[in-house]
Every structure is written in C-alpha cells, then in structure tokens.
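> The structure's right below; bear with me while I get my questions together.
The values are calculated or read from the model by the stated rules, or taken from the named source; none is laboratory data. Bear in mind that the values here come from a model prediction, so they are computed numbers and not experimental data. Note: ideal-geometry Cβ built from the backbone for every residue, glycine included; neighbour counts use all protein chains shown. Surface accessibility is based on the protein's heavy atoms, side chains included, excluding ligands, DNA and RNA. Shrake-Rupley method; radii C 1.70, N 1.55, O 1.52, S 1.80 Å.
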Amino acid sequence: MSSCRREVSEVYDYISIHSMDYSKSVKTEVLEQFVVETLGFEQTGPLRFSKALYGAHVGLKGLSANSNGSYAYYTLEGIEAVNLVEVILPATKIDEPLERAITGLVMAIAGEFGWCIDEDHGLDT
C-alpha cells in the first residue's frame with residue numbers, strides 16, 4: 001500500500017477509497033452487505049447508501065473505475081464488482097465528532113477490503 005497517495009489537504013466533498021492501482025475488485029453484494037450490516041447505512045439505490053451522523057447526512061457509493069480511476073456511468077444498475085468507494089461528505093460544516101465518525105467509516109472500509117484512501121482530506125487518520 002506504499003504507493004497509495006496519503007497527503008493532507010483541505011476537506012473536499014467526497015473521499016475516495018480504492019484498491020491499489022484499481023486492480024482489485026469486490027463483488028457488489030459483498031460491499032452492500034458490509035456497508036448495510038456492519039456500517040449501518042441504508043441502501044437508497046444501486047450501489048448508493050445513506051447514513052445520518054451527528055445530525056448530518058453522509059452518502060456512499062460504489063463504483064467500477066478503470067486503471068486511472070476514471071469512471072462514467074448513467075446508472076449503477078448491473079455493475080457486478082467495484083474497486084472504488086466514494087464517501088460523500090455532508091454539505092454542512094464538519095465538527096470534530098462528525099469528523100471522527102467519518103474517519104472511522106473511511107478507515108473501516110479501507111481496512112475491510114485492503115484498499116487505500118486516495119487522499120485523507122485532512123481527516124484525523
């Protein structure tokens with residue numbers, strides 16, 4: 001995992017978690033089961049999830065990306081495996097308890113699948 005970029009920057013509107021060089025995928029049902037049963041998200045659509053944390057809305061979506069991390073989909077229906085997860089940050093100001101909770105979610109996803117966090121966006125990791 002040493003070639004995964006780990007730099008601190010300002011908070012963006014999402015955090016990317018992906019396999020090394022986007023080369024390892026997990027089946028969509030494995031991701032869905034982990035996100036819903038372990039992390040407590042609600043599934044809102046194909047590979048789309050939502051969770052309330054500290055009064056804020058956190059989203060999550062699973063994607064299939066090419067070796068450059070690029071993707072373009074009109075729908076996530078029919079995707080059988082993913083190699084990229086985006087944690088969509090709330091539009092509200094992120095305070096310390098919310099940041100800790102989001103950090104925990106991101107680290108849990110990265111740890112479960114052996115993936116890396118593209119950029120930690122200043123989260124306390």
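> What are the residues in the stretch 45-54 that are open to solvent by 40 Å² or more (accessible area, probe 1.4 Å) and without any contact (Cβ under 8 Å) to a residue 12 or more places away in the chain, if any?
Passing the criteria: only ALA52.
> So, one more: Report, by residue number, each residue of the stretch 23-37 that is open to solvent by 90 Å² or more (accessible area, probe 1.4 Å) and touching a residue at least 60 places away in the same chain (Cβ under 8 Å). Can you show your working first?
In the first step, residues of the stretch 23-37 are kept if they are open to solvent by 90 Å² or more (accessible area, probe 1.4 Å); the result is 23-24, 27, 29, 33, 37.
Across the stretch 23-37, the qualifying residues are SER23, LYS24.
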